[in-house]
Structure formats: structure tokens, C-alpha cells
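Undergrad: Here you go, one structure.
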Amino acid sequence: TKVFDIDGDSEMTHEGAMNTIRKLKVISAKLKEIDPNQDFFLYPEFCDEEPTLSDENKKDRLTVYDIPISYNMRRADKTLRDAHKADFDEADAMIDEIMESEDLEIMKRKYRPAAEALVDKFVVIFGKVKTLLDKLHSVDILHGDMSSQNVMVMKDGTYRLIDFDLSRINSTPLEPFQKREEMKHLVSMSLMGWSRVYPDLYTRMVNSPAS
């Protein structure tokens, strides 16, 4: 499958570019073993060719590579945060108002019902992402950079993970805590402040059941 997740305008050394492509080839092969009918994780799609230096960027150090793009839906689809903008904006505004209050405990109690209603929505959302993470972890791969910006919501409602540049292929089975940390990082990066304001609701989001 000609699928690599490496941005066409990224700045990197030639060795770095080739190392990333080699790693992504291994990841692609591993994912095909468990999901043979879909290019499910590595996205957007790039032609299976070695990147070439842009004419205007033939430098000795950091260089910009032209990687032939066969199909790139990033512009047409939305990140997780953009796809659920109203809910994320409501969560951000709620946390900001609570944290800026002089009486934190009163504000936390005031917003608790609204926070619980939002968490009901987020548990479903993060549960969909956890389905992808579970597949990824089943072949001992850590994404390495989970955030709401690295989850794409496609037009058909399915989710995809992108940006595998920092991913890691483990030579031994992943430990439960490693899998949990990726989910914690996603929730933390998506909803700043929830772990301090409502730690029980934050834990519920981290433990979202796969859906």
C-alpha cells in the first residue's frame, strides 16, 4: 500500500526523511495484517517514491522535500476538534470561567451538571478514537503524538489517525500503562484543565470504552 504520513512541506534531513519512510512502511505492513481491507491509520496518502529535494531548497542541512501526493483529503475533512467545535468550545469556556473564579469550589459545583452532560458526549467521541488506538496497540505500535489535531473525522463519519512521525514500534508487547498513557495524552491535549477541575470526569473520558 502506498501510504505514508509525512508532510510534503516538512523540514528534515534526508536521513530523517528516509528513516521516517522506512518506519512507516513497517507500520503499514503490520496494520495490513490486522486490517487488510483499509488504509486505516497512515494518512494522508503519498506515492511510494523516495522524496526529492525541492530545487529552491538544495541545502546542506535542513531541507524541504517534495513528496508526490497521490491523494490528500486533509483539506476536505476536519480534525477532531473542528468536527466537534461547539462541544470543545463549550468545554474550554466552562473551564476558563471556573479557573478564573475567586471561589473555585462554588464554580465547580455550579458547572458540574453541564460538565457531566459534556462528558457524556466526549466519552462517545474518545471511544471512537480508542477503537483506533486499540488496533494500533494490538501490533505493539505507539502513536507518540496523540491530540485532537491528529485525529481526522472523515465525511462518512469514520475517524483516522494522522501524523505518525513520532510513532514507535515496540519489540516487546506493550504494557497496559503505555496504552493508557496515549489515551491520557489525547484527553489532556484536547481538554486542558479537566484533570484539575473534574478529575473523576477526566478519568471517565480517559477510560472511554472503545466504540
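The values are calculated or read from the model by the stated rules, or taken from the named source; none is laboratory data. Since we're looking at a predicted model, the values are computed, not measured. We place every Cβ from the backbone using ideal geometry, glycine too, and count neighbours over all the protein chains shown. Only protein heavy atoms, including side chains, enter the accessible area calculation; ligands, DNA and RNA are left aside. Shrake-Rupley method; radii C 1.70, N 1.55, O 1.52, S 1.80 Å.
Undergrad: Do any of K78/K155; K78/K108; K155/K184; K23/K78 go past 20 Å between their Cα atoms, and which?
TA: Violating the 20 Å limit, Cα to Cα: K78/K108; K155/K184; K23/K78.
Undergrad: Return the lysines within reach of K179: Cα separation strictly under 17 angstrom, same-chain partners fewer than 8 residues apart disregarded; answer none if there are no such residues.
TA: Straight-line reach from K179, under 17 Å: K128, K130, K135.
Undergrad: Next question. Between S147, S208, G157, whose Cα lies farthest towards the positive end of the dipole of the range 144-211 when Lys and Arg beta carbons carry +1 and Asp and Glu beta carbons carry -1, centred on the Cα centre?
TA: S208
Undergrad: Right, another one. In debye, nearest 20: dipole of the range 134-211 around its Cα centre with unit charges on the Cβ of K, R (+) and D, E (-)?
TA: Here the size comes out at about 200 debye.
Undergrad: Another question about this same structure. Using the heavy atoms of the protein chains and a 1.4 angstrom probe, tell me the accessible area per residue for the range 63-211 in square angstrom.
TA: Each residue of the range 63-211 exposes 50 Å² on average to a 1.4 Å probe.
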